[in-house]
Structure formats: C-alpha cells, structure tokens
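Asks: Okay, here's the structure, questions in a sec.
Only the coordinates and a few stated rules stand behind these numbers; no lab work does. Quick caveat, the model's predicted, so the values are computed rather than measured. Virtual Cβ from ideal backbone geometry, glycine too; neighbours counted across all protein chains shown.
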Amino acid sequence: MIIEEFMKVSKQEFGTIDGQDVHLYTLENVNGMVVKVTSYGATITSVSIPCATGRKEIVCGFDTLEGYLSDEYRANAPYFGSTVGRFASRIKDGKFKIDGKEYKLATNDGPNHLHGGIKGFDKRIWDAEEFADEGEVGIRLSIESPDMEEGFPGKVLPRVTIILDNNNQLHFLYEAFTTQRTPISMTNHCYWNLSGFEETIHNHKAQVFAENYLKPDATNVPVGEIASVEGDPADLRKSKLFKDALNELPTGFEHYFVFDNRKDLRKVAAFEHQESGTSMTLSTTEPGMLFYSGYYTSDKLKRENGDRFGRYRGFCCETHRYPNGPNIPYSPGAFTHPDEKYESYTVFGFNWK
C-alpha cells in the first residue's frame with residue numbers, strides 16, 4: 001500500500017508464538033524516517049533516520065522475534081518499545097479497592113504490580129491493520145482483555161494507533177472501553193538514544209517542563225506525596241546535560257514528573273544530542289511522565305547489527321496516569337467507567353542534520 005511516492009507501509013512475517021503468527025509492519029515517510037512495529041506486544045522494534053554514514057537506529061530493540069523471547073531479555077525485562085497495560089508503572093502491593101471491594105493483582109516486581117503483570121499487554125499478540133492517508137501512514141492494533149485478567153475487573157477493549165507523518169512526528173493514540181469500572185493506563189516503553197548508540201546518553205541535553213514529581217516510598221512506589229524539583233538534581237526545567245544530573249543521582253532518573261492539570265496536547269519535554277544534530281520533542285495529553293534513564297538495563301543486550309544497549313544507553317519517556325494511581329485519591333483518570341472512553345495521546349517529534 002502506497003499513498004504517495006516514498007511514503008510507504010508494508011507488512012511481513014516476523015515469526016510465530018504458540019502457533020500464532022506475528023507480523024512486522026514498516027512505516028516510512030518522504031524524509032527517510034522508518035518506524036517498525038510488531039504485533040507482539042504492539043512493540044516499536046526500530047526507529048531509524050538518515051545520517052552521514054547512511055542510517056542510524058535511535059531506539060533499543062531487536063530485528064528478530066527471538067530477541068524478545070531470549071532468556072537474557074526476559075530475565076532483565078526492560079520492555080523495549082512495547083505497549084504496556086492494563087496499568088503502566090507500579091501498583092503498590094498489587095492491590096486496590098473499588099467501592100470497598102479489594103482486588104488483588106499479579107505481582108511481578110517484588111511485592112508490587114508492574115506494567116500490567118506477568119502477562120501484560122506487552123506479551124499479547126495484537127490484531128493489526130495498516131493504513132495510509134494523505135501525509136501519514138500507520139497501524140491500528142487491538143486486543144481483548146478479559147474480565148479479571150491479571151486480577152483487573154471488567155472486560156476491556158484497548159486499541160493503539162501508531163502514526164508516522166511527513167513532519168517526522170510519531171503519534172501514539174490509546175483508546176479503550178470497559179464493561180466495569182477499572183484502572184486503565186497505557187503507554188509506550190521506547191528507550192531513546194539520539195546518538196545512534198555511538199555513546200551513552202550522558203551527552204544528551206534534556207529538558208522537562210515540570211515543577212514537581214511524585215515522591216516514591218521505600219519500595220519505589222509513589223503513595224501521594226508531591227515534591228518540588230527546586231534544588232533537586234532532577235530539576236530539568238532548564239535544559240542541561242544528562243551527565244550533570246546523573247552524577248548526583250545514584251541510580252539515575254526514575255521520576256514521575258507531574259505536569260499541569262490539563263487534558264489538551266501540550267509540549268512537555270525536549271532532548272538533543274548536539275554532536276549529531278539530532279533532537280526530539282515530546283507532547284502529550286497525560287498528567288505526567290515516568291522518566292527513566294535505564295540504570296538497570298542489562299549490558300548483555302544488543303541489536304543484531306551490533307548496537308549495544310545497557311546502563312544509561314537509552315532513556316524512556318513513559319507518558320501515562322499516576323503510578324499507583326488507584327491508591328492515590330487525587331490521581332487524575334486512574335479509573336475508567338463503562339460509560340466513558342479511555343483516551344491518551346502522545347506525539348514525538350524529530351529533527352536531524
């Protein structure tokens with residue numbers, strides 16, 4: 001399917017899991033930006049852009065399905081490029097209440113629930129349909145999450161639409177309906193390295209337009225306290241090099257930054273690797289972003305072309321509802337009701353020399 005010269009979307013086989021076919025979809029715009037998405041986990045496997053030496057990858061991922069199924073990858077569980085849900089980030093002690101009734105979730109991060117549980121959305125095979133419109137190409141992915149999957153009440157029908165346009169913008173639109181009141185919070189888990197993995201992220205400039213973040217407890221889960229970034233090494237209101245902050249943060253960033261209480265799409269962050277001239281902006285409708293600098297990523301993981309991953313070799317911008325939101329009374333949008341539609345929209349914009 002081709003909408004105009006050089007703007008393409010294509011589909012190919014990517015392997016099988018338990019007898020189910022997995023496909024890989026390739027989106028390409030007129031400027032030579034290429035995004036690859038697999039139906040396994042609605043996962044971004046590759047984002048590549050033109051460079052002086054040909055092309056460079058700017059996300060962690062693998063070129064084969066086997067990379068996502070290896071023992072090393074599963075043991076480290078970095079969620080490279082995957083769609084996570086039903087509920088992104090942690091839920092403390094794997095439980096919450098609705099109208100006084102307690103629900104117990106699968107726990108896969110010590111005592112806590114993380115990113116949807118043992119078999120979250122990242123490990124499901126999604127139905128997918130590619131499409132092309134004027135100035136953009138994309139893919140719509142959907143699954144059915146049955147009542148009580150991983151402990152969550154209600155049958156949920158989630159959909160993720162991923163679009164690449166000719167302005168070098170990568171769009172993520174998340175939608176869902178539920179049959180019962182239930183927590184829903186979805187996001188993409190790409191790890192970005194704008195140098196093309198020539199180096200760590202230390203020489204990237206980072207800026208996040210947030211005055212506060214949710215302070216975690218001893219188990220690294222927010223329970224409601226909001227802290228100011230003023231005087232904190234995590235203060236990124238003014239652009240600064242990652243290394244200037246990482247030198248003062250023992251395990252780097254794993255901060256949920258709180259944005260203003262708005263639901264419109266607005267710019268919340270910007271990043272630049274000055275040496276290569278590659279930059280990225282981030283806009284979202286979400287109330288905050290879990291910003292992770294990859295301290296725990298295994299250095300044994302690498303792409304088939306030799307791109308090496310590991311500690312501080314990729315950062316995540318996980319735009320979603322508050323971590324532990326079902327247990328924080330003022331958390332915006334932590335629950336979705338049967339009479340409403342869950343929606344979330346995030347856009348990454350890119351420039352390069």
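Asks: Suppose the chain between Asp260 and Asn212 were pulled fully straight at 0.36 nm per residue; how much longer would it get relative to their current alpha carbon spacing?
Replies: The Asp260-Asn212 span can extend by a further 16.3 nm.
Asks: Another question, then. So if I take the centroid of the Cα atoms in region 18-76 and the same for region 284-350, what is the distance between those two points in Å?
Replies: 18 Å
Asks: To one decimal place, what orientation-averaged projected area in nm² is obtained for the convex hull of the Cα set of region 268-353?
Replies: 8.3 nm²
Asks: Aspartates and glutamates within cross-link reach of Lys300: Cα-Cα under 17 Å, excluding same-chain residues under 8 positions apart?
Replies: Reachable aspartates and glutamates: Asp63, Glu66, Asp71, Glu72, Glu198, Glu199.
Asks: Oh, and also: Check Asn212: other-chain or 5+ apart residues with amide H under 5 Å from its amide H, H built from backbone geometry?
Replies: For Asn212, the qualifying residues are Val229, Val258.
Asks: Turning to a different aspect of this structure: Separation between the Ile118 and Ala77 pseudo-spin-labels, each 7 Å from Cα along Cα→Cβ, expressed in nm?
Replies: Each label point is offset 7 Å from its Cα along the Cβ direction, giving 1.1 nm.
Asks: Follow-up. So what J values fall out for region 60-69 if you push phi through Karplus, 6.51 cos²θ - 1.76 cosθ + 1.60 with θ = phi - 60°, rounded to Hz, Gly and Pro as x?
Replies: The phi angles translate into 6, x, 10, 8, 10, 4, 4, x, 7, 10 Hz.
Asks: Still on this structure, I have one more. What is the ratio of the Cα radius of gyration of the chain to 2.2 N^0.38 Å, with N the residue count, to two decimals?
Replies: 0.94
Asks: May I pose another question? So what is the orientation-averaged projected area of region 112-264, using the convex hull of its C-alpha atoms, in nm²?
Replies: Taking a quarter of the hull surface, the average projection is 12.1 nm².
Asks: Could I ask something else about it? Taking the Cα centre of region 190-259 as origin, sum charge times position over the Cβ atoms of Lys and Arg (+1) and Asp and Glu (-1), and report the length of that vector in debye to the nearest 20.
Replies: Roughly 200 debye, rounded to the nearest 20.
Asks: Please identify which residues in region 119-145 have an amide N closer than 13 Å to a label point set 7 Å out from the Cα of Val30, following the Cα→Cβ vector.
Replies: Correct set: 134-137.
Asks: Now for a different question. Restricted to Cα positions, what overall size does region 183-314 have along the principal axes? Three whole-Å values, descending.
Replies: 42, 33, 32
Asks: Using 7 Å Cα-to-Cβ label points, what is the Glu129/Gln180 separation (nm, one decimal)?
Replies: Distance between the two pseudo-spin positions: 2.9 nm.
Asks: Right, next: State to the nearest 20 debye the size of the charge dipole of the chain about its Cα centre, where the only charges are +1 on K and R beta carbons and -1 on D and E beta carbons.
Replies: For this selection, approximately 620 debye.
Asks: So what are the ³J(HN,Hα) numbers for region 158-171, from phi and the Karplus equation (6.51, -1.76, 1.60; θ = phi - 60°), rounded to whole Hz, Gly and Pro as x?
Replies: Here the 3J(HN,Hα) series is x, 9, 10, 10, 10, 10, 10, 10, 7, 9, 6, 10, 10, 9 Hz.
Asks: Place +1 on the Cβ of every Lys and Arg and -1 on the Cβ of every Asp and Glu in the chain, take the dipole about the Cα centre, and give the residue among Ile139, Tyr73, Ile125 whose Cα lies farthest towards its positive end.
Replies: Towards the positive end, the residue furthest out is Tyr73.
Asks: A further question follows. Holding the Cα-Cα limit at 20 Å, pick out from Lys155/Lys341; Lys92/Lys119; Lys243/Lys302 the pairs that are longer than that.
Replies: Checking Cα-Cα distances, Lys243/Lys302 exceed 20 Å.
Asks: Another question about this same structure. Once R0 is set to 51 Å, what does the formula 1/(1 + (r/R0)^6) return for the Cβ-Cβ distance between Thr219 and Phe6, expressed as a FRET efficiency to the nearest 0.05?
Replies: Computed FRET efficiency for Thr219 and Phe6: 0.55.
Asks: Go through Pro326, Asn220, Ser48 and say which Cα lies farthest out towards the positive end of the charge dipole of the chain; charges sit on Cβ, +1 for Lys and Arg, -1 for Asp and Glu.
Replies: Asn220
Asks: Straight-line reach from Lys238: which lysines have Cα under 22 Å away, leaving out those fewer than 8 places along the same chain?
Replies: Of all the lysines, those that pass the test against Lys238 - Cα under 22 Å, at least 8 places apart if same chain - are Lys205, Lys215, Lys267.
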